[in-house]
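Below: the structure, in structure tokens.
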């Protein structure tokens with residue numbers, strides 16, 4: 001995960017938010033960022049291959065620890081992002097059930113600090129401003145509300161363009 005649920009829960013804006021809801025929001029934003037930037041943020045130097053059974057992949061890397069995000073590829077059925085719940089000398093355990101297959105390529109996913117901070121800012125914006133999306137100006141005494149255009153020039157993925165500037169250096173070309 002880009003940011004841990006515990007980190008978000010410790011912020012005052014998310015104090016009353018259910019941890020399952022925070023986890024869903026984090027997974028959604030992570031998926032949007034990976035898709036929008038066309039960047040999987042893999043550290044290809046921390047990678048191994050092994051077979052899977054239950055929630056374990058047999059094989060390991062000395063550079064992995066519990067709590068790390070990994071991406072499984074080349075398995076055809078287990079491909080996706082997982083969080084490691086345990087790491088020992090023979091295997092890693094992930095936070096989901098895996099199909100038994102002979103080959104899984106496991107690669108560590110690392111997000112730069114600017115991405116992590118940007119995600120926190122996006123989620124804080126969502127908590128504080130999502131209900132006012134589209135309102136450009138509002139007058140209370142005579143009840144006048146002006147809405148701004150929500151087109152591709154002003155929003156990306158449902159967020160204001162200004163909030164997504166941190167993603168620009170991480171964009172990769174699509175072929």
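Only the coordinates and a few stated rules stand behind these numbers; no lab work does. Predicted model, so just to flag it, every value in this text is computed and none were measured. Cβ sites come from the backbone with ideal geometry, for glycine too, and all protein chains shown count toward neighbours.
Quick notes on this structure:
- C-alpha long axis of helix 19-37 to longest principal axis of the chain, angle in °: 90 degrees
- Against the main long axis of the alpha-carbon atoms of the chain, helix 113-129 sits at an angle near 40°.
- Helical mean residue ellipticity (222 nm; -39500 (n - 2.57) per DSSP H run of 4+; nearest 500) of the chain: -7500 deg cm²/dmol
- Prolate/oblate/rounded label for segment 45-108 (Cα gyration tensor, a/c 1.5): rounded
- Stretching the chain fully between residue 40 and residue 15 yields a gain of 6.0 nm (0.36 nm per residue, less the alpha carbon separation).
- Fewest-first sequence of 24, 168, 174 by Cβ atoms within 10 Å of each Cβ: 174, 168, 24
- For segment 83-133 versus segment 1-44, the spacing of their alpha-carbon centroids is 7 Å.
- When each of 82, 63 is scored by the number of other beta-carbon atoms lying within 10 Å, the sequence from fewest to most is 63, 82.
- Residue order, fewest to most surrounding Cβ atoms within 10 angstrom, among 60, 85: 85, 60
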